[in-house]
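The values are calculated or read from the model by the stated rules, or taken from the named source; none is laboratory data. Quick caveat, the model's predicted, so the values are computed rather than measured. Note that each Cβ is placed from the backbone with ideal geometry, even for glycine, and that neighbours are counted across all protein chains shown.
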Amino acid sequence: MKGAGEVGGGPEASERKDMVTVRVPAKLNLQLAVGPPRADGYHDLVTVFHAVSLYDQVQVEPAGRDGVTVTGEGADQVPGGQDNLALRAVTALRAAVRDRGPGPGSVHVTIAKRIPVAAGLAGGSADAAAALVACNELWATGLSQQQLGGIAATVGSDVAFALLGGTAVGRGRGEQLTPALAPATQYHWVLAFADGQLSTPAVYAALDRLRSSQGGSGGPRGSGGKGFPPGSGGSRGVAPRGNTAPPEVTPPALDAALMSALRSGDATRVGQRLSNDLQPAAVSLFPALRKTLTAGLELGALGALLAGSGPTCVFLAANAERALELAVSLSGAGVCRSVARVSGPAPGAAVVSADG
Ligand code: C5P
């Protein structure tokens, strides 16, 4: 039996597991409202997270020392060693439970990726959340979901949501979560994966630059899915302060019309309220996305926006059949690398097997 003795002290032998496998979803942001940069380099957000049925699978097993193996979609671009977010999550959990006993042992983490890397879908955060859930089970730490959420928030802004899943409002850096009371409606989405990647910090920095260059031209925050002029830049969320003063970015606010649309379960209304403040910045760095977003709308999507900081384009379809038609048409249009059909909300990180 591999390394059972390395799981020191805490759990009784009967509780120990040899291997735990966790499935974890990708996320979209149905609204992403971004405030001004904070002193710590992050931006205050108000966002509506939505987990979708595109999953990575993460396995942990006791080992002589911590390590990670990544297979699948974009595996060669995922950092190994302690730069890997899943291993950072393991280290954070171990530190948090150390005072509960002699401390849990080393693990090997195996990540099977289906969520593309650096695509705006929080795949790295998902793997970190999955590693937390898996080690929590492997080590039988007895931590609550809330305690795990607290550790998740220290690892990355999107990690806590990957634990929770469903649809939830995120504030702060995105780590302060309130589950959204939405009906059991399943929404049908088409994801168009781009030929390329975007770095999240680079997109936030581009947004700050765009906003300062707009110099307080004013305008309302938020762009609807249908009403979106892709990459128009606009001046959403930038309030005028006279001709010479630097522009003031208005604090982000939850879109009440989106929340009402989600409560109604009406996909048409939801499609009209999709918005992402990062979109003009991402399109400025990756202009080809404009064409993809426009193509999806012309092919009948109820709404379109970028996933997080991009470059994945997200389209809402009226139902599963329309999603299939849209996916086929988008791949035929040659405006993306590949497409996937997903539905949401999907559950958060969950154990699929635990062998002891
Ligand atoms: O928290 P995480 O490591 O996922 O964030 C990645 C980067 O994205 C941060 O270093 C920061 O540049 C940017 N970010 C931000 N404001 C947020 C979340 C992320 O500026 N609320």
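Pick out the one residue from Ala96, Ala119, Ala134, Ala92 that is under 18 Å from the mean Cα position of the chain (by Cα) and either crowded, with 17+ Cβ neighbours inside 10 Å or part of a strand (DSSP E or B) (or both).
After ruling out the rest, the residue left standing is Ala119.
Restricting attention to region 304-340, report how many residues are among the polar types (S, T, N, Q), more than 21 Å from the chain's Cα centre (by Cα) and closer than 23 Å to Leu258 by Cα.
The first filter runs over region 304-340 and keeps only residues among the polar types (S, T, N, Q), leaving 309, 312, 319, 329, 331, 338.
Within this subset, residues satisfying the condition of being more than 21 Å from the chain's Cα centre (by Cα) are 319, 329, 331.
In the following step, the residues that additionally are closer than 23 Å to Leu258 by Cα were identified as 319.
Count: 1.
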- prompt: For region 137-159, what are the residues that are part of a helix (DSSP H, G or I) and either more than 13 Å from the ligand (Cβ to nearest atom) or modelled with pLDDT under 95 (or both)?
  reply: Glu137, Leu138, Gln145, Gln146, Gln147, Leu148, Gly149, Gly150, Ile151
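Just give me the residues in region 294-324 being hydroxyl-bearing (Ser, Thr, Tyr) and either over 14 Å from Ala282 (Cα atoms) or assigned to a strand (DSSP E or B) (or both), in sequence order. Quick ask: steps written out before the conclusion?
Start the filter on region 294-324 by keeping residues that are hydroxyl-bearing (Ser, Thr, Tyr), which leaves 294, 309, 312.
Thr294 - this is the single residue of region 294-324 that is hydroxyl-bearing (Ser, Thr, Tyr) and either over 14 Å from Ala282 (Cα atoms) or assigned to a strand (DSSP E or B) (or both).
I need the full set of residues from region 36-51 which are surrounded by fewer than 24 Cβ atoms within 10 Å (Cβ to Cβ), touching a residue at least 40 places away in the same chain (Cβ under 8 Å) and either more than 9 Å from the ligand (Cβ to nearest atom) or on the phi > 0 side of the Ramachandran plot (or both), in order please. Before you say what the answer is, go through the steps one by one.
Taking region 36-51 as the starting set, the residues that turn out to be surrounded by fewer than 24 Cβ atoms within 10 Å (Cβ to Cβ) are 36-46.
From what is left, the residues that are touching a residue at least 40 places away in the same chain (Cβ under 8 Å) are 36-37, 42-46.
Those that are surrounded by fewer than 24 Cβ atoms within 10 Å (Cβ to Cβ), touching a residue at least 40 places away in the same chain (Cβ under 8 Å) and either more than 9 Å from the ligand (Cβ to nearest atom) or on the phi > 0 side of the Ramachandran plot (or both): Pro36, Val46.
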Unmet requirement for Ala256, which otherwise passes all of (1) exposed (fewer than 15 other Cβ atoms within 10 Å of the Cβ); (2) touching a residue at least 12 places away in the same chain (Cβ under 8 Å): (2)
Where a residue in region 73-91 is within 13 Å of the ligand (Cβ to nearest atom) and its partner, wherever it lies, is of a type in the set (S, T, N, Q), with Cβ under 9 Å and at least six apart: Leu85/Ser125; Arg88/Gln82
query: Going by the conditions given, is Ala168 aliphatic (A, V, I, L, M), closer than 27 Å to Phe315 by Cα and not in a helix (DSSP H, G or I)?
result: yes
query: Among the residues of region 140-178, which ones are in contact with a strand residue (DSSP E or B) (Cβ under 9 Å, 6 or more places away or on another chain) and among the hydrophobic types (A, V, I, L, M, F, W, C)?
result: Ala153, Ala160, Phe161, Ala162, Leu163, Leu164, Ala168, Val169, Leu177
- line: Selection from region 171-204 of residues within 9 Å of the ligand (Cβ to nearest atom) and touching a residue at least 60 places away in the same chain (Cβ under 8 Å) yields Gly172, Arg173, Gly174, Ser199, Thr200, Ala202, Val203, Tyr204
field: Looking only at region 119-135, and only at residues there that are farther than 24 Å from Leu32 by Cα and in contact with a helix residue (DSSP H, G or I) (Cβ under 6 Å, 6 or more places away or on another chain), the one that is farthest from the ligand (Cβ to nearest atom)
entry: Cys135
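What number of residues in region 179-199 are surrounded by fewer than 13 Cβ atoms within 10 Å (Cβ to Cβ) and assigned to a strand (DSSP E or B)? Explain how you work it out, then say what you get.
Let us first name the residues in region 179-199 that are surrounded by fewer than 13 Cβ atoms within 10 Å (Cβ to Cβ), namely 181, 183-184, 195, 199.
Subsequent filtering for residues that are assigned to a strand (DSSP E or B) retains none.
Residues flagged as surrounded by fewer than 13 Cβ atoms within 10 Å (Cβ to Cβ) and assigned to a strand (DSSP E or B) within region 179-199 amount to 0.
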query: Can you find a residue in region 214-225 that is among the charged types (D, E, K, R), at pLDDT 95 or above and over 19 Å from the mean Cα position of the chain (by Cα)?
result: no
